[in-house]
Amino acid sequence: MKNFPIILILLAVIPQLLISENNQPIHRYTPELLWKLGRVSEPQLSPDEKTILFGVSWYDLAANKGNRDLYTMPAEGGIPVRITSSKSSEANGIFRPDGKKIGFLSPESGSMQLWEMDPDGKNPIQVSHIDGDLNGFAYSPDGRNLLYTLRVKLDQTPNDIYPDLPKANARIETDLMYRHWDSWSDYSYSHLFIASYSDGKLGESFDIMNKERFDCPMLPWGGMEQINWSPDGNQVVYCCKKMSGKEYSLSTNSDIYLYDLGSKTTKNISSPNPGYDQDPVFSPDGKKIVWRSMERDGFEADKDRIMVYDVAKQIYTNYSRDFDQNAAGFCWSLDSKDLFFLSSIKGTVQIFELNLDSGVIKQVSSGVHDYLSILISKKGLIGAKQSMLNPTELYSIDPAGKEKQLTFINRDILKDIHSATVKERWVTTTDNKKELVWVIYPPDFDPSKKYPALLYCEGGPQSMVSQFFSYRWNFQIMAANDYIVVAPNRRGLPGFGQEWNDEISGDYGGQNMKDYLVAIDTLSAEPYIDKNKLGAVGASYGGFSVLWLAGHHEKRFKAFISHCGIFNLEDQYLTTEEMWFVNWDLGGPYWEKNNPKVDHSYANSPHKFVDKWDTPILIIEGENDFRIPFTQGMAAYNAAQLRGIPSKYLHFPDETHWVLKPQNSVLWQREFFKWLDTYLK
């Protein structure tokens, strides 16, 4: 009896335990295990290139929260040392240019402020005492200045307009973009400030975007990758979409701006380009700036081109004319002659190198994985890498592309886990093209048995089914529950050339749906898949796909799960916020006449085929999803209920387009598999 509490503790922390035929325990992924994993992010290299600084986020499922700490380790590899251990998450950790301090952001004082500490984590001192929360910062290379971003209130609230009504709770809108993705406008804008700096002391600061009603970084996902110093510290380059309201909602035309500290002037250096221009980076010699650039205004999934600007000549050159892939995550060679970058290719994300003199681009890395970021050193590259089977860890990459794993943050947690297997399969589409399908097999797969299978429908829609390691749509967990996962790279996503990517716009419910069906038909013909136990699951455009398939699948599937999917395209057009997206992908508003693209798009709205629904469906929504409002899923659920279709509605009042809170996420997983197991097992 004395050991009973210990046994209870072990049962609570050990991953899913199954018993094999010889009575040996089999360990597999579970939802609870996912929240024990450390999540590695934002690697940085010290000025002397001897030390790597990075963050790891750890989560407490019982407390329903996480905390991010900073770690250092030798650049050659070794044991990481945690250098922060406060109850507040540390962010934006970077070395000071002289290497004597590490700067970071922390809310320890009650608001997010800049702190510094010794490289071993000792002697933390608060540097900034600024009203409001800092969202990012960067030291100038010469150490004389520091830039930071801060939200500045420029618009009036209803309480400002009517000060005698301080308890009134309302919004008054006269333009578009009053809410975006997961939050309402807070009447403020993210601005870029520059302050003098000397050995841990901030001097007077000034707003280089004074009174501008624009955001830098850009909403909703922009970070410090959108702002960079020149090597001499005399200039700052940043990207911004200097539009507002309706104009902002209709266009993707952001630009690259060069601010000069001496003259205090700002110049738009990308104005001829009508599409996105983002993430500028100076070359080490200060003579060039690279950024990623999309050509077509309004098309957020256009090819990301390599644009290099000559600072002296004030002209830019497109190095992607003969490169039919995206480019992002730029990193200059130390001699400024080469560019390293990340690019999606055939269901993976690899490292590529461009030689500026010759214009030749070559692939550096290879393998079944996704690189997320890269850093340059004299000895090669350091990158963050993940796959469907493994969470993010850090690697070194030599000039020949040979990799060495540096961090093993989750090794002890995963050492006894039986992993799924991922295999590449190419199927022939109905129009005689080749489609890459990732097939994920359960741990200890036995080809003599029959397994239920899931068709995974990707979101985006222009998002590649790459080697991502998701903390909700996790293929390890699906396989651990003895499902074979069929994950097609259907029409309308990057990594297979721009033509393949573009074929979904204006063709929702078209060829990409045929690509889904040919993938599941091909795989379900295998003897180890039970074609009578097939499900289809997906989120966002994947959720739309599931809702569309529900009215067209011809009894292939026995269960559906749609998360935040579009149900009624007409309603979606007027309740979403990024109008450029629906205008491009649907062809325009549903009331537009004599437009074949519009006619085809809205004719394929899933709500028009509810009369053909015949299969159990689970609908999942987050109430703070403003990209695809939750009422879309509610309407789909109501339709299923009224039609007598077995259905369930899972609603998260405090989640968005994604389910991010630990216990909500575990609940999501439990309901996900409860539903599938009910109808497929």
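Every read-out reported here was derived from the displayed coordinates using simple, explicitly stated rules and does not represent laboratory data. Everything numeric in this text was worked out from a predicted model, so none of it was measured. Please note: Cβ atoms are built from the backbone with ideal geometry, for glycine as well, and neighbour counts cover all protein chains shown.
Charges only on Cβ, +1 for Lys and Arg, -1 for Asp and Glu: so what's the dipole of segment 389-467 about the Cα centre, in debye to the nearest 20?
So the dipole magnitude of segment 389-467 works out to roughly 180 debye.
Using Cβ counts within 10 Å as a stand-in for footprinting exposure, how do 184, 548 rank, fewest first?
184, 548
Per-residue HN-Hα couplings for segment 416-430, Karplus 6.51 cos²θ - 1.76 cosθ + 1.60 at θ = phi - 60°, whole Hz, x for Gly and Pro?
Coupling constants for segment 416-430: 9, 7, 7, 8, 5, 10, 10, 10, 8, 9, 10, 10, 8, 7, 5 Hz.
Would you mind ranking 317, 407 by Cβ crowding within 10 Å, fewest neighbours first? Don't skip to the answer; put the middle values down first.
Values: 317 14, 407 23.
Going from least to most buried by this count: 317, 407.
Return the sequence-ordered ³J(HN,Hα) values of segment 87-93 in whole Hz as given by the Karplus equation 6.51 cos²θ - 1.76 cosθ + 1.60 applied to θ = phi - 60°, using x for Gly and Pro.
Values, residue by residue: 7, 9, 5, 9, 10, 6, x Hz.
Among 475, 214, which comes first, second and so on when ranked by fewest other beta-carbon atoms within 10 Å? If you can, show how the numbers build up before the last one.
Numbers: 475 27, 214 18.
The most exposed by this proxy come first: 214, 475.
Please figure out what share of the DSSP beta bridges in the chain is antiparallel and state it in percent, rounded to the nearest 5.
So the antiparallel bridges in the chain amount to around 80 percent.
Answer rounded, prolate or oblate for segment 149-194, using the Cα gyration tensor with square roots of eigenvalues a ≥ b ≥ c: rounded when a/c is under 1.5, else prolate when a/b is larger than b/c, else oblate. Walk me through the numbers on the way to the answer.
Details: a/c = 2.50, a/b = 1.45, b/c = 1.72.
Taking the square roots of the gyration eigenvalues as a ≥ b ≥ c, segment 149-194 is oblate.
In nm², what is the average projected area of the convex hull enclosing the Cα atoms of the chain?
33.9
Distance between the C-alpha centers of segment 275-297 and segment 187-255? Whole Å please.
Centre-to-centre distance over Cα atoms comes out at 15 Å.
With point charges of +1 on the Cβ of Lys and Arg and -1 on the Cβ of Asp and Glu, referenced to the Cα centre of the chain, which listed residue (128, 509, 629) lies farthest in the positive direction of the dipole?
Result: 509, furthest along the dipole toward the positive end.
How much length would be gained if the chain were fully extended between residue 201 and residue 400, taking 0.36 nm per residue of separation minus their Cα-Cα distance, in nm to one decimal? Write down the numbers at each step before the final one.
On the way: separation 199, 0.36 × 199 = 71.64 nm, distance 4.34 nm.
The span from residue 201 to residue 400 would gain 67.3 nm if fully extended.
Under a cut-off of 20 Å between alpha-carbon atoms, report the aspartates and glutamates in cross-link reach of residue 558, not counting same-chain residues fewer than 8 places apart.
Hits, sequence-local ones excluded: 458, 482, 515, 521, 526, 530, 611, 614, 671, 677.
Give the aspartates and glutamates reachable from residue 612 as a straight Cα distance under 13 Å; neighbours fewer than 8 places away on the same chain don't count.
Straight-line reach from residue 612, under 13 Å: 554.
When the Karplus curve 6.51 cos²θ - 1.76 cosθ + 1.60 is applied with θ = phi - 60°, which whole-Hz ³J(HN,Hα) does each residue of segment 131-142 get, with x for Gly and Pro?
4, x, 9, 6, 9, x, 7, 7, 6, 6, x, 8
Using the Cα centre of segment 557-672 as the reference point, and only Cβ charges (+1 on K/R, -1 on D/E), how large is the resulting charge dipole? Debye, rounded to the nearest 20.
Taking the Cα centre of segment 557-672 as origin, the dipole is about 440 debye.
Which entries in the list 36/65; 242/661; 362/402; 50/346; 246/608; 65/648 go over 23 Å, if you measure between the two C-alpha atoms of each?
242/661; 50/346; 246/608; 65/648
How big is the charge dipole of the chain about its Cα centre, in debye rounded to the nearest 20, if each Lys and Arg gets +1 on its Cβ and each Asp and Glu gets -1 on its Cβ? Display every interim value, and only then the final one.
Numbers: 71 positive and 87 negative charges, 291 e Å.
Around 1400 debye, computed over the chain.
Taking the Cα centre of the chain as the origin and placing charges on Cβ (Lys, Arg +1; Asp, Glu -1), which of 327, 619, 605 is farthest toward the positive end of the dipole?
619
Given the options 94, 191, 158, identify the residue whose Cα lies farthest towards the positive end of the charge dipole of the chain (+1 on Cβ of Lys, Arg; -1 on Cβ of Asp, Glu).
Most positive-ward Cα: 94.
Around residue 151, which amide H atoms from residues at least 5 apart in sequence, or from another chain, sit under 5 Å from its own amide H, with H modelled in the peptide plane?
133, 191
Evaluate the relative contact order of the chain (contact order divided by residue number), counting alpha-carbon pairs under 8 angstrom at least 6 apart; express in whole percent. Walk me through the numbers before you get to the answer.
Values: 1616 pairs, mean separation 60.2, N = 681.
With pairs under 8 Å counted, the relative contact order is 9 percent.
When the expected Rg is taken as 2.2 N^0.38 Å, what fraction or multiple of it is the alpha-carbon Rg of segment 451-509? Don't skip to the end; give the middle numbers.
On the way: Rg = 13.0 Å, N = 59, 2.2 N^0.38 = 10.4 Å.
Against the empirical 2.2 N^0.38 Å value, I get 1.25 for segment 451-509.
So what's segment 503-550 giving for Rg/Rh, alpha carbon basis, Kirkwood Rh from the mean inverse pair distance?
Checking Rg against Rh, the ratio lands at 1.02.
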